[in-house]
Amino acid sequence: MNQSYCDVECVVIDDGSTDETNQILTPLIANKLISYYHKRNQGVSSARNVGIEKSNGNYLLFLDGDDLLAGGALQFLIRDICEYDIIFGSWMDFDKDISSTHQYSETKVNNQLTKYLIYKPTVSTALIKKEVIIDWDTTKKVWEVTDYFLTLILKNSKIKFSDRIVTKIRQHDNPSRASLLQDHFNPMQTLTFLKQWKERIKDKGMLDSEVEARIDTEIINNIYT
């Protein structure tokens, strides 16, 4: 809500929360500053699909409930989006004690698919044109963000990576999130995911030596770490 770009529609999808989200947001709902929709808990992909359905704007940014937009982020992202389908901003991880940044650097890598695989940006960093948006696969319980953006990239979406930090990603030590985190970095889950995507990229005729080397590096890192 603290953005300098004001032509914004804020759609909140309450995916069966138990933290009194509705009561907390009541003043904003009453003043029509946000649109609020409650649904039974079916996971983040289902919630994002409802957000797509309920939104009216030309661009979407999926902001997870525990993440924050940096000041001026929307103003910056909207400036160049007309030339692209997706703009990925850089991001900062933070918790109560520490913070670390993830910024795209100048690189000799020209292949956008390879660059995505190197950085694997989080969903809360991406501004996406509504016209290229697809529904999230609700059968994917882990690696759903990487799966989503790789699908868009394989559809030849025009993308840009920016070194401007646009999002602050909250890191958790909450035990209730431990199993989800473990699933995302489970070696067998990751290995299966990478092998499947290697075949999909190959089938699309986009598996050049650069992309293949990057995926193989991820597979090796997954096996030995």
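Derivation of every value follows stated rules applied to the coordinates shown; laboratory data play no part. All of these numbers come straight from a predicted model, not from anything done at the bench. FYI the Cβ positions are ideal-geometry reconstructions off the backbone, even for glycines, and counts take in every protein chain you see.
Things worth noting here:
- DSSP beta bridges confined to the chain are antiparallel in about 45 percent of cases.
- The chain, helix-only ellipticity at 222 nm - DSSP H runs n ≥ 4, -39,500 (n - 2.57), divided by all residues, nearest 500: -12000 deg cm²/dmol
- When only alpha carbons of segment 185-225 are considered, Rg and Dmax amount to 10.3, 30 Å.
- Helix 209-224 vs. the chain, principal-axis angle (Cα, 0 to 90°, nearest 10): 80 degrees
- Principal-axis tilt of helix 21-30 within the chain, Cα atoms, nearest 10 degrees: 60 degrees
- Kirkwood hydrodynamic radius of segment 11-184, from inverse mean 1/r over distinct Cα pairs, in Å: 17.3 Å
- ³J(HN,Hα), Karplus 6.51/-1.76/1.60, whole Hz, each residue of segment 43-59, x for Gly, Pro: x, 5, 5, 4, 4, 5, 5, 5, x, 4, 4, 8, 7, 10, x, 8, 9
- One quarter of the convex hull surface built on the alpha carbon atoms of segment 1-83 amounts to 5.9 nm², the projected area averaged over directions.
- Neighbours of Ile118, meaning other residues whose beta-carbon lies under 11 angstrom from its beta-carbon, give a summed charge of +1 when Lys and Arg score +1 and Asp and Glu score -1.
- Length-normalised contact order of the chain in % [C-alpha pairs under 8 Å, at least 6 apart]: 24 percent
- Charge sum, other residues only, whose C-beta stays under 11 Å from Asp137's C-beta, Lys/Arg counted +1 and Asp/Glu -1: 0
- With neighbours defined as other Cβ atoms within 10 Å of a residue's Cβ, the residues Met188, Met92 order from fewest to most as Met188, Met92.
- Segment 81-143, Rg to Rh (Cα coordinates; Rh as Kirkwood inverse mean 1/r): 1.01
- For the peptides 29-40, 196-207, the ranking by packing is 196-207, 29-40, with the highest mean count of neighbouring Cβ atoms within 10 Å listed first.
- Dividing the Cα radius of gyration of segment 60-104 by 2.2 N^0.38 Å, with N the residue count, gives 1.30.
- The HN-Hα couplings worked out from phi for segment 78-94 by the Karplus form 6.51 cos²θ - 1.76 cosθ + 1.60 (θ = phi - 60°) are 6, 4, 10, 5, 4, 8, 9, 8, 9, 10, 9, x, 7, 8, 10, 8, 8 Hz, whole numbers, x standing for Gly and Pro.
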